[in-house]
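The structure appears right after this line, and notes come after that.
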Amino acid sequence: MSNTINLSINGIAVSVEEGKTILEAAQKLHINIPTLCYHKDLCIAGNCRVCVVEQAGVDRLVASCATPVSEGMEINTNSLKVRNCRKHIIELLLAEHNEECTKCYRNGHCELQSIAADLQITNPDFIDLVPDKNYSIDSYSPSIEKDDSKCIRCQRCVRTCAEIQSVGAIAVAHKGAEMKISTFFNQPLNEVVCTNCGQCIVHCPTGALVEKSYVEQVWDAIADPEKHVVVQTAPAVRVGLGEELGFEAGTRVTSRMVAALRRLGFDSVLDTDFTADLTIMEEGTELLMRLKAALFDDNPDVALPMATSCSPGWVKYIEHKYPQYLPNLSTCKSPQQMFGALAKTYYAKNIDVNPANIVSVSIMPCTAKKYEANRPEMKDSGFKDVDFVLTTRELAVMIKQAGIEFDQLNEENYDSIMGIGSGAGVIFGATGGVMEAALRTAYEIVTGREVPFNNLEIKPVRGLAGVKEAVVLIENVRPEWNFLEGVELKCAITNGLENAHQLMEAIERGDRYYHFIEIMACPGGCLGGGGQPFPVDNEIRQKRMDAIYSEDLSLTLRKSHENPEITQIYEEFLGKPLSHKSHELLHTSYVKRQPY
Amino acid sequence: MTTKIKQLKRIDLIFNHEDDCKEILKKSFDRTNEEVINEMVNSGLKGRGGAGFPTGLKWKLTAEVKDSPKYVICNADEGEPGTFKDREILTRVPHKVLAGMAMCAKIIGSRQGYIYLRGEYKFLVPQLREELRKFHQIMDELNLDFEVDIFLGSGAYICGEESALFESMEGKRGEPRNKPPFPTECGYLNKPTVINNVETLAHSYTIMKYGAKKFRELGVKDSWGSKVFSVSGDTPIPGIYELELGMSVQDFVDDFGDGDTKAVQVGGASGFLVPRKRFAKSHIGYQGKLTGVSLPTGGSMMIFNSSRSMYNVLDNYLDFFQEESCGQCTPCRVGCQQLLKGIKAVKRGEKPAAYLDKLLKLTDTMRLTAKCGLGQSVANSFSSIVENFREEMIY
Ligand SMILES: Cc1cc2nc3c(=O)[nH]c(=O)nc-3n(C[C@H](O)[C@H](O)[C@H](O)COP(=O)(O)O)c2cc1C
Ligand code: SF4
């Protein structure tokens, strides 16, 4: 049993659970204490010192994020002493900070800028410490740019990369005045273990870490009359974009987003959900083939569990850290890349446009997708399959640049072909969604019946928990699937690479056995991706997740194999899942990489 | 050279070579833990590492925590420039330090101790290992399950700060932690830990041998006992001296100065500069009821004569801090750079003299908000030098 602690903040009495911090107690009273190094997702660092407050009877100020409450404590969050110190601390950070706010991607979204504005720091006293501004930018990665001149050394990125992602691509180097956030031997981000997931970006309070932007290239393509520009939108974008454009977290803006994309000038607005459904057909069949090889043919070489391959951050992670498990990775490309390969083949033929003139753009909740599109393998159409990848945030930027009043737009539908997606495709945006979509289809293929869950909602695989497990008993199968009769299909789902790391260790130790594992690099799955709006925490992730599942429920089409465009593409173009054509366009291979 | 006005009493408790370690320990082990803790508390011994926390209380608090394992760590990081008293103690009377650790281990219930040895003192390792061999034999004979290992530091000054020291021992980057929790509850490997300075442990041996009463025959109220000082700078007799606590800086200067002493820096870079006009009113000891100012020190006493530029002294200290700050917290990382760049700018005439007042206010913020003792104490030397030698900063 935990005890209740009584204290007062700014003269107002408050009671909180023992072990809570002063900051949490203040939040309960709706007293705002500015913070920078603090983030709900991360362990406490207490290094920025912006959140210092005065405690009666204590000479020095205390860091409210790091100090537990104690009985009878009297706190002042706004005394003269606190205000003077807080202002000094922000002035010091500004002295170290490249203050070219108007040229910064985070202008208007910067936590340092916002606190500085509140404190009205108009005439700072201190000497500028910013080194040569151009030299400090690492822009070699196709996904992430790191600009040390904007870094405030809060170590939120370092904690994110280590604690949430278990990657450790960035760490603190040197001490004193030289202290900085660096990579292994200060190599550029594209040459280290960085998975490009972009979680460091969504946890960075300033513009020190941002995605590499391709907005200008996309505007150029749209302006080029020779080009036919197609755009695909990932499932999680529709539940995140609204946050950048004045809507509450968790608002679904799918059809407004479609309208906006059309107004931006894209020639065709299509849906990644379509290739999510296609992924289910290919990957579901691949899983059944692997199960057949293992259970029926007794082939000892078949790699199980099969792991999903839609998350390019996870793919790069396994390539670095668990290369011995690469055969376990599904050979299916991600929905983005399947779409890209088809845009310049199937789609080009269908609308009779020279694929050389097609520019294929994708809107993703993800920064690793930028990297993925640039992988050398991703040219199976004979061209670069996906030309430019924009994050949800970059799309919001384009919408603002175009002067579109987003909330005034009429709702519009996707174009066709490759514009129809099922609810199963939509839920790809949430952790557990690929598993659920795959089960909806695979179970039905094998048994001829719907999955035995009320309303198709496979609840055990849903939610923000780090590791989820599900067992599905397969019974009364169709004759051709006899070898699966009575089999308990064992599944696991993780989100966030630290959880993936835990799962892989459990599998490696032999503690756990599964047939199928779904792994998403980001917390909450794609809806919590590195390309989604700032800020993010579990409350916001949950709202986006609720929106995803409500979108699924709102559709009549909720199973991938029932998508008419899927039937059509197999009839007209691919033949059947895992066909020769499928292998050529929709499947890929992986590379073993250095573990550091 | 002028003739000596006065000589301070030289104390010989730490370095006298007594080899009755086993007997003393046995005597202490025969007493109840409570008795020994009371003896320590009554002695009034305060930590000699600089912060001056009452040692008896530290042991008592750790003894009361119900968690295991517990650790005893001897802080031998001694990174303060110009300080080498811990090295001297570990060279000449290491058995006393180990005996102090064993006594503490018995009381708090620890089975593992470490000496966190400054990297530069690696040359001491062979002789310390020999000493440890003898010590472990005594532990066997006295039936105390307690082992001590040496952990070699990495050479960063900040690793002498206790929580950064734990981080460093745990294989992490040497960055101070948030406090609370304190080491008594949550130290090395997040377990209850007593961490004491080399000299503190050696004093506890003295207390065990002669009793608290005898210990308190030296020193003054709130600052009992003797202390080992590293005397350096403009003095004809630099070196290591054990002196009584409570002495005035005047008495110290009369004994150790060269007749032309302008100021004394008490406590190294993180300590205070005492100008001549304050010699009489400043005393060496811990905060307490002394009249005048009490100046704690880890042991460094640096004497400056009138040929010294106080600007250069401050410039050196600030350069040291801006390099040795771990760099994690804003007031210290950026503050130190601002102070250093700031005094340079004033000196060069790029900033007006009044800028020094802005910097003084900044040191106030650093003292109030820095995460650890390093950043908090930069204000000490800065304000005491700038306030007393303002002209030297400007012209
Ligand atoms: C920056 C910094 C450096 C320190 N370096 C040392 C050191 O080298 N040796 C030491 O004993 N204490 C050092 N301390 C003090 C320790 O944190 C701690 O207070 C001490 O080891 C406790 O022992 P004591 O109570 O016996 O003095 C340092 C403190 C700070 C803030
Ligand atoms: S005060 Fe300095 S040394 Fe201490 S934690 Fe802060 S930056 Fe590190």
Could you list A:ARG256, A:ARG263 in order of exposure, starting from the residue whose Cβ has the fewest other Cβ atoms within 10 Å?
-> A:ARG263, A:ARG256
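Restricting to the protein assembly as shown, compute how many DSSP beta bridges are antiparallel as a %, nearest 5. Mind showing how you got there, number by number?
Working: 47 of 95 bridges.
Counting DSSP beta bridges with both partners in the protein assembly as shown, the antiparallel share is about 50 percent.
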Segment B:169-227 - Debye-derived log10 I(q)/I(0), Cα point model, q = 0.12 Å⁻¹ | -0.47
Of B:LYS58/B:LYS221; A:LYS146/A:LYS175; A:LYS384/A:LYS559, those spanning more than 22 Å from alpha-carbon to alpha-carbon | A:LYS384/A:LYS559
Summarise the partner chain shielding of A:86-94 as one whole number: the mean count of Cβ atoms from other chains within 10 Å of each residue's Cβ.
-> 5
Residue-by-residue Karplus 3J(HN,Hα) for segment A:345-353, coefficients 6.51, -1.76, 1.60, Hz, glycine and proline x | 10, 4, 5, 4, 5, 4, 9, 6, 10
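Kindly flag which residue pairs out of B:LYS70/B:LYS172; B:LYS66/B:LYS106; A:LYS369/A:LYS400 have an alpha-carbon separation exceeding 18 Å in this structure. Each step should come with its number before you reach the end.
Numbers: B:LYS70/B:LYS172 20 Å; B:LYS66/B:LYS106 15 Å; A:LYS369/A:LYS400 23 Å.
In this structure, B:LYS70/B:LYS172; A:LYS369/A:LYS400 lie more than 18 Å apart at Cα.
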Residue by residue through segment A:111-126, which ³J(HN,Hα) values in whole Hz follow from phi under the Karplus form 6.51 cos²θ - 1.76 cosθ + 1.60 (θ = phi - 60°), with glycine and proline marked x?
-> 5, 5, 4, 5, 5, 4, 5, 4, 7, 6, 8, 9, 9, x, 8, 9
Under the Karplus relation 6.51 cos²θ - 1.76 cosθ + 1.60, θ = phi - 60°, what is the ordered set of whole-Hz ³J(HN,Hα) values for segment B:139-156, x standing for Gly and Pro?
-> 4, 4, 5, 8, 6, 10, 7, 8, 10, 10, 10, 9, 10, 8, x, 9, x, 8
Nearest 5 is fine: what % of DSSP beta bridges in chain B come out antiparallel, could you say?
-> 45
Cα convex hull of segment B:21-215, projected area averaged across orientations, nm² = 9.9
Just how far, in whole angstrom, is segment A:56-90 from segment A:22-44 if you go by their alpha carbon centroids?
-> 13
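Find me the longest stretch of chain B that has none of the exposed GluC sites (Glu not before Pro), where exposed means in a DSSP loop (not H, G, I, E or B) with at most 12 other Cβ atoms within 10 Å.
Numbers: sites that count: B:GLU170, B:GLU217, B:GLU350.
Longest run free of exposed loop sites: B:1-169.
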The alpha-carbon center of segment B:357-395 and that of segment A:567-596 are separated, in whole Å, by 67
Two-site label geometry, A:LEU119 and A:LYS103: point separation in nm, points 7 Å out along Cα→Cβ | 2.5
Per-residue mean of other chain beta-carbon atoms within 10 angstrom of the beta-carbon, peptide B:360-370?
-> 6
Return the FRET efficiency for the residue pair A:GLU457, A:ARG83: r is the Cβ-Cβ distance, R0 is 51 Å, and the value is rounded to the nearest 0.05.
-> 0.50
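Given a Förster distance of 60 Å, report the FRET efficiency between A:GLU178 and A:ASN482 from their Cβ-Cβ distance, rounded to the nearest 0.05. Intermediate values should be presented prior to the final figure.
Working: r = 68 Å, r/R0 = 1.13.
Efficiency for this residue pair is about 0.35.
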Post the alpha-carbon centroid distance, segment B:300-350 to segment B:66-125, in whole angstrom.
-> 31
Evaluated over segment B:310-394, the Cα radius of gyration and Dmax, each in Å = 11.6, 33
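Return a single number: how many Lys pairs in segment B:310-394, at a sequence separation of 8 or more or on separate chains, have alpha-carbon atoms below 16 angstrom apart. All intermediate terms of the calculation are to be shown ahead of the outcome.
Values: B:LYS341/B:LYS351; B:LYS341/B:LYS358; B:LYS341/B:LYS361; B:LYS344/B:LYS358; B:LYS347/B:LYS358; B:LYS351/B:LYS361.
Counting lysine pairs in segment B:310-394 gives 6.
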Estimated distance in nm for a label pair at A:PHE247 and B:LEU142, the labels positioned 7 Å out from Cα along Cα-to-Cβ = 7.4
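Please give the FRET efficiency for B:ASP364 paired with B:GLU64, using the beta carbon to beta carbon distance and R0 = 41 Å, rounded to the nearest 0.05. Each step should come with its number before you reach the end.
Details: r = 36 Å, r/R0 = 0.89.
With a Förster radius of 41 Å, E is 0.70.
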For A:LEU329, which sequence-distant residues (separation of 5 or more, or a different chain) have an amide H within less than 5 Å of its own amide H, given hydrogens modelled in the peptide plane?
-> A:ALA307
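Sorting check: for A:69-82, A:206-219, which peptide has the highest mean count of neighbouring beta carbons within 10 Å, and how do the rest follow? Walk me through the numbers before you get to the answer.
Working: A:69-82: 17.1, A:206-219: 20.7.
Sorting A:69-82, A:206-219 by mean packing, highest first, produces A:206-219, A:69-82.
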Rg (one decimal) and Dmax (whole number) from the Cα set of the protein assembly as shown, in Å, equal 33.8, 112
Given labels modelled 7 Å from the Cα in the Cβ direction, how far is it in nm from B:ARG111 to A:GLU17?
-> 3.5
Peptide B:173-185 - average C-beta neighbours from other chains (10 Å radius) | 3
The set of residues whose placed amide H lies less than 5 Å from the amide H of B:THR184, leaving out same-chain residues fewer than 5 positions away, is B:THR193
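Could you give the dipole magnitude of chain A about its Cα centre, charging the beta-carbon of Lys and Arg +1 and that of Asp and Glu -1, in debye to the nearest 20?
860
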Would you grab the residues whose amide H sits under 5 Å from the one on A:ILE9? Only those 5+ places off in sequence or on another chain, please, with H modelled 1.01 Å from N.
-> A:VAL14, A:ILE75
List A:MET289, A:MET398 from most exposed to least, where exposure is judged by having the fewest other Cβ atoms within 10 Å.
-> A:MET289, A:MET398
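What is the packing order of peptides B:230-241, B:371-382, B:93-104, taking the mean over residues of other C-beta atoms within 10 Å and listing the highest first? Intermediate values should be presented prior to the final figure.
Working: B:230-241: 18.1, B:371-382: 23.8, B:93-104: 26.1.
For the peptides B:230-241, B:371-382, B:93-104, the packing ranking is B:93-104, B:371-382, B:230-241.
Only the coordinates and a few stated rules stand behind these numbers; no lab work does. Treat the numbers as computed from the prediction; the structure is a model and nothing was measured. Because the Cβ atoms are built from the backbone with ideal geometry, glycine has one as well, and the counts that use them run over all protein chains shown.
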